[in-house]
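Okay, structure first, notes after.
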2 protein chains.
Amino acid sequence: MATKEEPTSNPVNPGKPVDDPSKDIVPETAVVTKVTQKKIGHRRVDASTGQTTYKKTPSSALSGSIQLAISHTVAGLSSKPERDVLMQDFQVVETIVFPSEGSNLTPAHHFGEFTFRTYAPTAFRYFRDLFGIRPDDYMLSISRLPLRELSNPGASGSLFFVTHDDEFIIKTVQHKEAEFLQKLLPGYYMNLVQNPRTLLPKFYGLYNVQSGGKNIRMVVMNNLLPSVIKMHLKYDLKGSTYKRKASKHERAKKNPTYKDLDLLQDIPDGLTLEPDIHNALMKTMQRDCLVLQSFKIMDYSLLLAIHNLDEMEKEMAAKNKHAQNFKKGYRAAQSVMDSTMLRTKYSKDLDHWSGGIPAKNGKGERLLVFCGVIDILQCYKWKKKMEHTWKSMIADGDSVSVHRPSFYCERFQKFMGDHVFKKSVVKSQPKRQRDLLPNESPRPS
Amino acid sequence: MATKEEPTSNPVNPGKPVDDPSKDIVPETAVVTKVTQKKIGHRRVDASTGQTTYKKTPSSALSGSIQLAISHTVAGLSSKPERDVLMQDFQVVETIVFPSEGSNLTPAHHFGEFTFRTYAPTAFRYFRDLFGIRPDDYMLSISRLPLRELSNPGASGSLFFVTHDDEFIIKTVQHKEAEFLQKLLPGYYMNLVQNPRTLLPKFYGLYNVQSGGKNIRMVVMNNLLPSVIKMHLKYDLKGSTYKRKASKHERAKKNPTYKDLDLLQDIPDGLTLEPDIHNALMKTMQRDCLVLQSFKIMDYSLLLAIHNLDEMEKEMAAKNKHAQNFKKGYRAAQSVMDSTMLRTKYSKDLDHWSGGIPAKNGKGERLLVFCGVIDILQCYKWKKKMEHTWKSMIADGDSVSVHRPSFYCERFQKFMGDHVFKKSVVKSQPKRQRDLLPNESPRPS
C-alpha cells in the first residue's frame, strides 16, 4: 500500500503512480475504444512491453537525446555574452548535428545520429532569465538525472516528460504548434514585459530532434503543480458548460481532473480570495486573455489545483501522526503557504503565482490554489477545422467551446469571475461599527 | 543688439534667431546654389514673402491643422481605458476627417478640409507613458500656443516645428521614412524596454495630414537641446572622416554645427567622463547601435552639444553681471547641472540623459554634454540608392559614411569611444598613495 499512500509524483496528475504506463495511457476524453488507447496521434504504446514511442522513436531514446542536446546547446549559449533580444532573434533557428560517434563539437552517444534544432535561442535565454532561471540550473534540471515520462498524458497524443527535480515539463508538440509558437514569440515577449504576473505557460525553450527523417518538436515549460504538495482537487476549466463534465473513467481515478460542470456542483460558493489578490488575479487574467484573443487563440483552459491545508491537518490527525510521508508533505505545504503569505504583503513585487494563491472555500477552510492557462498553442484557424465546429454550434449555440476568440475570451473570464474566484468581504470597517453587526461569526485570533 | 544677446531660441541651432527665415533657410551641406536654397525636397520658400510651404501647403496651415488634430485625437484616446500594447497595435492606423465646417466629432476650423491619420495610437501612447509624458501635457505642449517653425532645418527638405515650451519637435518625414518607422516599431519597443537609457530618438507620435490629394507625414520627437541652455559647441558626428568638416558657410554661423574632423581638431583630448557614466554611456550606445544594425540602419549621427559651465561664468564676469539674460541662463544651467549631479548618485535609476551628462574637457573645465542619435529612419536599402555610393566608396574605401551597416555601427562606436568620450582616471587610490603622485593639479574643494 505504500505506493498508494506516497505515489511517485506526477505533475499533471499528482499522486498518480507513473510506473504502470499500460494501465494509465488513457485519453481524458470519454469516448475512446480499446484500439485508440494504444495509438493517439503520434504516440503509441506497445501492449506487450509497455514501451512508449513517438513517431516510432522510443521515448527513452528521445528523452536521452533531448537531455544531451539541450545541455550541450545551453552550455554553448552561456559562453556567448549576454545581449538584448532583437526582433530578428525570434526567427533564428540553430542547428547542430550529433553523430553517434561524436565530433569535435559534440560528444559520442548511443541514441543514433540526430540533428538538433534550437528555436530562437537568444529570445528563450532572455525568457529564462526573466523567469529567474540560471543557465546552470536549467542544464542540471534537465540533464543531471533521467527524465520521468508521464503515464497519464492526456488525449493530445503528446509525450510528456518531467525533470527529476520536478521543475520543468517537456512536451512534444505538433509541427503547426511549434510554428505557431514561433509566430507568437514577439507578442509573448510583450506580454511578459508588460504583465509579469501572467498566468500563461512559461515557455523556456522550443526544440526539434530530427532523426531518420522524422521531426519531433518539443517545448520546455514550467511545471504548474509541485508534486510535493498534495492536490485535493483538480480542474480543467474552459468557461463552457457544454459537455464539460469529467467522464466516469476520469472520476474513477485517484486524482481525477474535473471540469467546469463539476466545479459548479462541488464548489458552488467558489474560492474566496483577499480583495487585493482577487483584483490582481482577475486583472492578470484579463490581460492574458486579451493577448490570446489578439492571436485568435481559443480553447485554452485554466488548470486549477487546490491544496486544502485544513483537510491536510485532518488527514494527519486521522492517520499516524508520525508517518514520515505526511509530515514531509505538510511541512512543504506550510512553507509554501508561509512564503506565499509573506509575498502577498508585497503584492507589488508578487510577479508570479507559482507558490500558490491563498484562498478559502465555502466552509472557511484554508486553501492554496495553483493555477495557470494551458493549451494555448492551438490557433483558432486550424484548430477550428479539427473540431466538430458545426455540430457543436448547432447543438448548443453560444455555449460551445469552439467559437470566435473574443467570445471565448469573454466567457472564460466571466466564468472565472462569476463562479471560481470570489472576492472576500473587506474587513476595514471601523471597529465600533463592526461590533454592532449581527450574524458575525467569531474570528479566530 | 538685444536679439544677438538673447536670441529667440532655436532647438536645432540654439542662439540662432528664428525670425528671419529668408536669411536662415540654408542647407547645412556646402555645395548649394541659390536656386536650391529655395526648394529642397518638398520644402519651398517664397523669396518675396518668406513663406515656407511643404508640398505646396503653407507651413502655417500645416502647423495649425496638426495642433488641432493631435490634441483632438489625444483627448479621444485618453478617454479609452489603458491597456497593454499588443503586436497588432503597431499596424493600426486611425483615420479622422476634419471638415472645415466641423462635424459632430470634430470642431470647425479654417485650414481647409483634411484627413488626419494617427499611426499605432496605442503603441505611441505606451511610449509616451514610458517616457513619462502625460496625455494632458502632450496636448498642451502641442496645442496651447502656436508652433515655432525652425528657420535652419538642414538639408533633408523636412520642415521642423518646435512646441512653444521647447519640449517637442515635429518634423515632416517622407513616405518611406514613415513606412520604415512603422516597421521599426516592434524592435523600437523592445529596445525601449530593455535599454531604457537609450540615446535613440524618442518618438512620441507618427501622423499623416492628407489634404488636396497630398499626404504630409510627421513625427513628433523629443527636443534634444533645451534652448534655455546656451550650447558653446555643437557637433553632428558619424564616426567617418571622409568630408566630415563643417562648410565655410556653416562655420560662419553664430552657432555652427561642426563635424567629425572639426572635433578631432578642436577637442583633441575628447570629453572626460566619470568611469560609471562613461561605462553606462558606451554600453547604451553599443546596445542602440546593435538595434540599428539589426535593422540595417546606417548614416545616423550623434548630435552632441556642449554647455561649458566655466565658460559661462567667464562670460558672466566679462559682461554686466546684473544683466537679466545671463543670470537667467546661468541659473537654468546650474539647476540642470545640480539635478544631473544629483541623478548620477543614483546611476541605477538614471534612465535618460536628457538633463545633460557632466564631463570635463582637456582644460579641466566643467561641461554639460547633451547628446542623442539622430536620423535613424533612413534605411540602408533605399538610402543606398540615393547616396553617391559608388563614388564615395571608390574615393575613400572604408571611411565613407555609406557602407554596410555592421561596419558603420562599429566605426561609429569606435570613434565615440576613441575620440569623443574618455574615461577619467579612477580616484579610488588610497589617500597616501595619491599624495605621492606627481603632476597632480590641485583639486578645487
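The values are calculated or read from the model by the stated rules, or taken from the named source; none is laboratory data. Small disclaimer: the values here were computed from a predicted structure and weren't measured. Positions of Cβ are backbone-derived with ideal geometry, glycine not excepted, and every protein chain shown enters the neighbour counts.
Here are a few things to note about the model shown:
- Among the residues here, B:Leu367 qualifies as within 21 Å of the chain's Cα centre (by Cα), more than 29 Å from B:Leu181 (Cβ to Cβ), surrounded by 17 or more Cβ atoms within 10 Å (Cβ to Cβ) and modelled with pLDDT of 50 or more.
- Residue in segment A:93-116 that is assigned to a helix (DSSP H, G or I) and touching a Ser or Thr at 6+ places or on another chain (Cβ under 9 Å) present: no
- Yes/no for B:Thr106 being more than 15 Å from B:Arg217 (Cα to Cα) and in the same structural domain as B:Gln194 (by TED's automatic domain parsing): yes
- Of all residues making up segment B:277-327, the number that are modelled with pLDDT of 90 or more, of a type outside the set (A, V, I, L, M) and over 29 Å from A:Met87 (Cα atoms): 2
- In segment B:195-209, the qualifying residues are those that are hydrophobic (A, V, I, L, M, F, W, C) and more than 16 Å from B:Ile297 (Cα to Cα), and the one that is farthest from the other protein chains (Cβ to nearest Cβ) is B:Val209.
- Close pairs from segment B:65-89: first within 14 Å of chain A (Cβ to nearest Cβ) and surrounded by 14 or more Cβ atoms within 10 Å (Cβ to Cβ), partner of a type outside the set (Ser, Thr, Tyr) and part of a helix (DSSP H, G or I), Cβ under 6 Å, at least 6 apart: B:Asp84/A:Gln194; B:Asp84/A:Arg287; B:Val85/B:Ala123; B:Met87/A:Pro186; B:Met87/A:Gly187; B:Asp89/B:Ala123
- Test: A:Ser227 is among the hydroxyl-bearing types (Ser, Thr, Tyr) and not assigned by TED's automatic domain parsing to the domain that holds A:Ala61: yes
- Selected residue [on the phi < 0 side of the Ramachandran plot and touching a His at 6+ places or on another chain (Cβ under 7 Å)] from A:Lys214, A:Lys230: A:Lys230
- Among residues of segment A:160-190, those that are polar (S, T, N, Q) and surrounded by fewer than 23 Cβ atoms within 10 Å (Cβ to Cβ), counted: 2
- Some residue of segment B:218-235 being free of Cβ contacts under 8 Å to residues at least 12 places away in the same chain and either within 14 Å of chain A (Cβ to nearest Cβ) or over 24 Å from B:Lys414 (Cα atoms) (or both): no
- Being small (Gly, Ala, Ser) and part of a helix (DSSP H, G or I) holds for only one residue in B:Ala178, B:Ala246, and it is B:Ala178.
- Any hit, segment B:35-52, residues being at pLDDT 90 or above, of a type in the set (S, T, N, Q) and in contact with a strand residue (DSSP E or B) (Cβ under 7 Å, 6 or more places away or on another chain): no
One line per residue, one yes/no per condition, for (1) among the β-branched types (Val, Ile, Thr); (2) at pLDDT below 95; (3) touching a Pro at 6+ places or on another chain (Cβ under 9 Å):
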{"residue": "B:Leu185", "(1), (2), (3)": "no, no, no"}
{"residue": "B:Pro196", "(1), (2), (3)": "no, yes, no"}
{"residue": "B:Gly205", "(1), (2), (3)": "no, no, yes"}
{"residue": "B:Tyr242", "(1), (2), (3)": "no, yes, no"}
{"residue": "B:Lys245", "(1), (2), (3)": "no, yes, no"}
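- So B:Val93, is it of a type in the set (Val, Ile, Thr), surrounded by 15 or more Cβ atoms within 10 Å (Cβ to Cβ) and under 30 Å from A:Gln293 (Cβ atoms): no
- Each residue in segment B:92-121 was checked for being at pLDDT 95 or above and either within 14 Å of chain A (Cβ to nearest Cβ) or on the phi > 0 side of the Ramachandran plot (or both), and 2 pass.
- In segment A:252-309, the qualifying residues are those that are free of Cβ contacts under 8 Å to residues at least 24 places away in the same chain and either touching a Lys or Arg at 6+ places or on another chain (Cβ under 6 Å) or polar (S, T, N, Q) (or both), and the one that is nearest to the other protein chains (Cβ to nearest Cβ) is A:Leu261.
- Every residue from segment A:162-194 that is among the β-branched types (Val, Ile, Thr) and more than 9 Å from chain B (Cβ to nearest Cβ): A:Val162, A:Thr163, A:Ile169, A:Ile170, A:Thr172, A:Val173
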